[in-house]
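Notes follow the structure.
The values are calculated or read from the model by the stated rules, or taken from the named source; none is laboratory data. Treat the numbers as computed from the prediction; the structure is a model and nothing was measured. Positions of Cβ are generated from backbone atoms using ideal geometry, with glycine treated the same way; all protein chains shown enter the neighbour counts.
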Amino acid sequence: MKISFIIPRWPKNSFWDVIAFKFPLLSSSLLAGLTPSHYQFRIIDESLAEIDFDQEVDLVAITAITPLAPRGYEIADEFRRRGKKVVVGGIHASWLPEEAKAHSDSVAIGEADEVWSEILEDAEKGTMKPFYRQKERTDLSRLPIPRRDLFPTRGYLFHNLVQTTRGCPYDCEFCSVTALHGRSYRMRPVSEVEKEIQSLERSKAYIFFVDDNLVGNLSHAKELLTMLSHYRLRWVSQGPIHIAEDKEMVSLMAKAGCHGLFIGFESLREENLTSWESASTELKPTRMGSKDSTTPASESMVPLSLAMTTMIPRCLMIFWSLPNETEWKGRSFLFSPLSLGLGSING
Ligand code: SF4
């Protein structure tokens, strides 16, 4: 059986369409890593290569985040018009499976790692079910090394997307991570991550740890960072701002090769942060310290972030997400010393 994993291109003329560098999606290379070698398979990233709709293929597997979903549906429709079987997955299809089903033979809802072999067997027998959903969340100790060798060799800013955890211990009201992964924070054994690090081509050793929160479990994070510090790596990842208070952690991150951290500040307005805290989260990722902390986030974020940038070079990112986020503090922030240490600011 011939399988094509397809990543749809970004909408024409959108920011991610026009910029020179692209990002792969980890999920396609993970599923390829879980595909038995007696199948023939390849990954096509439409941002970097044209799709041949007349290709010989038995199963087309399309994964899409929300901005890519409309194009994903067009691709699915084209292949189905030619009589090819199509399975659609990814976060958008997981939230709107009926919508995705209108364009596909099957929809993989949620994580697909442990149901992928069943989808393949059913596709081979011609008995694909309309929907697949894993009974349990993926056991990360069984993840394969992703087949990043199937990605195009040129065109990506980060070739090496590596995942060490899934989920987040927090439950920010505006975030889809916990809704998708549940309140459990799952961690890969550090020895498994180390095997993957050792498999990377050194020439492409800049890594993006795509974890939503790399430091959601302090003991796992410290073990991971200690392991990483034995390699000469440079990497970026994502994490919450309150980690800036943990000097040992920030120092470990720097020693382990952290070159930048994407941090969602969400707001510099105390009242906005307080309104979000009505959610059930026990620790507030947007607030410094413990849940009993009385330090207003709006006062502590900027100096703590500035302290952090003295150890970790750049690439912090700020989001203002509420309609009432006007230029309050924003203008002075943009001209503050902190902003000089930022690689990227999103409003
Ligand atoms: S800390 Fe970040 S990843 Fe975790 S729930 Fe909040 S916004 Fe989402």
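Within the range 161-175, can you find the residues that are over 15 Å from Ser27 (Cβ atoms) and either exposed (fewer than 15 other Cβ atoms within 10 Å of the Cβ) or of a type outside the set (Asp, Glu) (or both)? Quick ask: steps written out before the conclusion?
Of the range 161-175, the ones over 15 Å from Ser27 (Cβ atoms) are 164-165, 167-175.
Once the filter is applied, which keeps residues that are over 15 Å from Ser27 (Cβ atoms) and either exposed (fewer than 15 other Cβ atoms within 10 Å of the Cβ) or of a type outside the set (Asp, Glu) (or both), the range 161-175 yields Thr164, Thr165, Gly167, Cys168, Pro169, Tyr170, Cys172, Glu173, Phe174, Cys175.
Could you please find all residues in the range 234-252 being assigned to a loop (DSSP other than H, G, I, E, B), surrounded by 20 or more Cβ atoms within 10 Å (Cβ to Cβ) and not small (Gly, Ala, Ser)?
As a first pass, look at the range 234-252 and keep what is assigned to a loop (DSSP other than H, G, I, E, B): 239-240, 246.
If we keep only those that are surrounded by 20 or more Cβ atoms within 10 Å (Cβ to Cβ) as well, we get 239-240.
Selection gives Pro240 alone.
Quick check on my filter: what residues within the range 253-274 are in a loop (DSSP other than H, G, I, E, B) and modelled with pLDDT of 80 or more?
Ala256, Gly257
Which condition from (1) more than 17 Å from Pro152 (Cβ to Cβ); (2) assigned to a helix (DSSP H, G or I) is the one that Ser28 breaks?
Of the numbered conditions (1) more than 17 Å from Pro152 (Cβ to Cβ); (2) assigned to a helix (DSSP H, G or I), the odd one out for Ser28 is (1).
Please find, among Lys85, Lys2, Lys101, Lys22, the residue that is within 18 Å of the chain's Cα centre (by Cα) and in contact (Cβ under 8 Å) with a residue 24 or more places away in the chain. Can you show your working first?
Values: Lys85 fails: within 18 Å of the chain's Cα centre (by Cα); Lys2 fails: within 18 Å of the chain's Cα centre (by Cα); Lys101 fails: within 18 Å of the chain's Cα centre (by Cα).
Only one candidate qualifies: Lys22.
Residues that are more than 16 Å from the ligand (Cβ to nearest atom) and within 24 Å of Ala64 (Cβ to Cβ): list the helices (runs of 4 or more DSSP H) wholly contained in the range 103-221 that include at least 2 such residues. Reasoning before the result, please.
Values: elements: 116-125, 177-181, 190-199.
Once the helices (runs of 4 or more DSSP H) in the range 103-221 are filtered for at least 2 residues that are more than 16 Å from the ligand (Cβ to nearest atom) and within 24 Å of Ala64 (Cβ to Cβ), what remains is 116-125.
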